[in-house]
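The values are calculated or read from the model by the stated rules, or taken from the named source; none is laboratory data. Only a predicted model underlies this, so the values are computations on that prediction, with no experimental measurement involved. All Cβ positions, glycine included, derive from the backbone under ideal geometry; neighbour counts span all protein chains shown.
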Amino acid sequence: MKLKKLISPHLRLKIRVLFTCVKDVLSSHYFSLVKKNANIINLPRQLSMNQPIRKNDFSENKKHNLRLAIKHIENKEILPQQIFSFWQLIPSPTPQNGFKKGRNLLGNKLDLDYGGGLCQLSGILYYLVLGAGLKILERHPHSLDIYTETTRYTPIGSDATVVYGHKDLRFINSFDFPISFQFEVLEKKILIYLCADKEIKKCDLEFLEEKKDYGKYVEVIRQRNGKKEICSQNFYKNL
């Protein structure tokens with residue numbers, strides 16, 4: 001019997017979280033992470049973005065989860081060279097932490113899980129900071145492209161999935177001034193604002209698709225201001 005089967009999923013998750021913490025300490029990233037007790041500041045809005053929230057049987061739960069997670073990151077001061085980590089600030093998506101069930105992409109199929117909808121929050125964060133020119137440290141695409149060109153609400157390649165203890169979204173404030181985020185979750189859309197005391201110029205973003213393996217997969221090449229950027233694991237399996 002494999003050792004993995006002898007350890008409960010709950011304990012395996014705790015081990016993974018601990019391993020990430022140890023890795024952060026050894027790499028000195030831990031001391032640069034924005035902490036839960038970071039200062040709350042009110043800065044002018046510089047860049048903005050919005051995405052629709054599709055209505056379905058669990059869209060109200062999704063909006064609940066979005067608002068709950070946003071409370072942990074909104075207006076948190078991110079100093080120059082500090083690292084923003086999604087899961088450093090947002091608690092694990094469990095019912096004990098107030099999260100509800102919503103739609104999630106699990107094992108290459110849509111299913112229900114606590115915290116459903118949080119990937120739209122991480123995705124819109126990723127898309128906005130890309131446009132601001134910030135340095136991405138960790139980001140994971142969804143494994144499956146579940147949208148068509150008529151249902152897609154964000155370009156393929158601009159998403160960022162998050163899985164507690166497994167997949168995080170991390171970026172560095174590479175500006176020489178503090179930044180923060182503000183949000184609005186409305187009936188049919190979510191809005192995000194990147195805030196700072198100085199003007200932030202928006203980058204020109206392109207997501208270039210290349211068919212692979214006779215169209216079974218799509219690789220997306222990211223370009224900022226005309227320069228190709230290396231994206232690890234930026235592959236999507238087609239339905």
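The conditions of being within 22 Å of K202 (Cβ to Cβ), at pLDDT 95 or above and under 14 Å from the mean Cα position of the chain (by Cα) are met by L128. Of the residues that make up the range 195-214, is at least one crowded, with 19+ Cβ neighbours inside 10 Å, touching a Leu at 6+ places or on another chain (Cβ under 7 Å) and either within 18 Å of L130 (Cβ to Cβ) or at pLDDT 95 or above (or both)? There is at least one residue in the range 195-214 that is crowded, with 19+ Cβ neighbours inside 10 Å, touching a Leu at 6+ places or on another chain (Cβ under 7 Å) and either within 18 Å of L130 (Cβ to Cβ) or at pLDDT 95 or above (or both).
Taking the range 32-60 as the range and being in a loop (DSSP other than H, G, I, E, B) and either more than 24 Å from P93 (Cα to Cα) or not basic (K, R) (or both) as the test, the residues that pass are V34, N37, A38, N39, I41, N42, L43, P44, I53, N56, D57, F58. Collect the residues in the range 55-94 that are surrounded by 14 or more Cβ atoms within 10 Å (Cβ to Cβ) and at pLDDT below 95, keeping them in residue-number order. If the condition is that a residue be surrounded by 14 or more Cβ atoms within 10 Å (Cβ to Cβ) and at pLDDT below 95, then F58, S59 are the ones that fit.
Restricting S8, S48 to those that are without any contact (Cβ under 8 Å) to a residue 12 or more places away in the chain and of a type in the set (S, T, Y) reduces the list to S8.
Looking at I221, I190, which is the one that is touching an Asp or Glu at 6+ places or on another chain (Cβ under 8 Å), among the aliphatic types (A, V, I, L, M) and more than 25 Å from L118 (Cβ to Cβ)?
On the way: I190 fails: more than 25 Å from L118 (Cβ to Cβ).
When all the criteria are applied, what remains is I221.
Screening F99, F58, F86 for residues that are touching a helix residue (DSSP H, G or I) at 6+ places or on another chain (Cβ under 8 Å) and touching a residue at least 40 places away in the same chain (Cβ under 8 Å) leaves exactly one candidate, F86.
Considering only residues that are within 20 Å of the chain's Cα centre (by Cα) and closer than 20 Å to L130 by Cα, look in the range 33-44 and name the one that is surrounded by the fewest Cβ atoms within 10 Å (Cβ to Cβ). Before the answer, list the steps.
Applying the first criterion (within 20 Å of the chain's Cα centre (by Cα)) to the range 33-44 yields 33-36, 38.
If we keep only those that are closer than 20 Å to L130 by Cα as well, we get 33-34.
Values: L33: 17, V34: 20.
Looking at residues that are within 20 Å of the chain's Cα centre (by Cα) and closer than 20 Å to L130 by Cα, I get L33.
The residue that is nearest to the chain's Cα centre (by Cα), counting only those in the range 164-208 that are of a type in the set (S, T, N, Q) and over 30 Å from S59 (Cβ atoms), is N173. Between H72, H140, the distinction of being of a type outside the set (A, V, I, L, M, F, W, C) and either within 12 Å of the chain's Cα centre (by Cα) or within 14 Å of Q51 (Cβ to Cβ) (or both) belongs to H140 only.
Within the option set L205, L144, L130, being within 22 Å of V34 (Cα to Cα) and of a type in the set (A, V, I, L, M, F, W, C) holds for one residue only, L130. Do we find a residue being under 21 Å from the mean Cα position of the chain (by Cα), in a loop (DSSP other than H, G, I, E, B) and of a type in the set (K, R) anywhere in the range 22-31? No, that holds for no residue.
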